[in-house]
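The values are calculated or read from the model by the stated rules, or taken from the named source; none is laboratory data. Please read these numbers as outputs of a predicted model, since none were measured by experiment. For accessibility, only protein heavy atoms count, side chains too; no ligands or nucleic acids. Shrake-Rupley method; radii C 1.70, N 1.55, O 1.52, S 1.80 Å.
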Amino acid sequence: MIENPNVRVEVIAIFTHNVPMSQCGTKIYKVKWNGREHRVITFGLHHIEKRGNILHHIFSVCTPTVNFKLSLNTKTLVWKLEGVSDAAKYLSS
């Protein structure tokens, strides 16, 4: 990751239920960061971390220009941007 901003972001996502445990029931469509909307084209890994007494869902998603590491706090339902990297670096190789 190039940056580690740990800033609040807006996310458009759809949550589904009755999904097998091996699949993620979340689909992230857009991330609003730095005044711009970034359309998600690839949904990467998803895992859960426990930080203190709070569960955080961690997602990695890719847009045409930027890769994001996002965290969803299950207590406050606040999305935070935990990491950003340049997608061009990975798409060119």
(request) Grab the Cα-Cα distance for residue 13 and residue 65, subtract it from 0.36 nm times how many residues apart they are, and report the gain in nm with one decimal. (result) 16.8 nm
(request) Take 37, 82 and sort them by solvent-accessible surface of the protein heavy atoms, 1.4 Å probe, largest at the top. (result) 37, 82
(request) Mind listing the long-range amide H neighbours of residue 9? Cut-off is under 5 Å, sequence gap 5 or more, other chains count too, H placed in the peptide plane at 1.01 Å from N. (result) 79, 80, 81
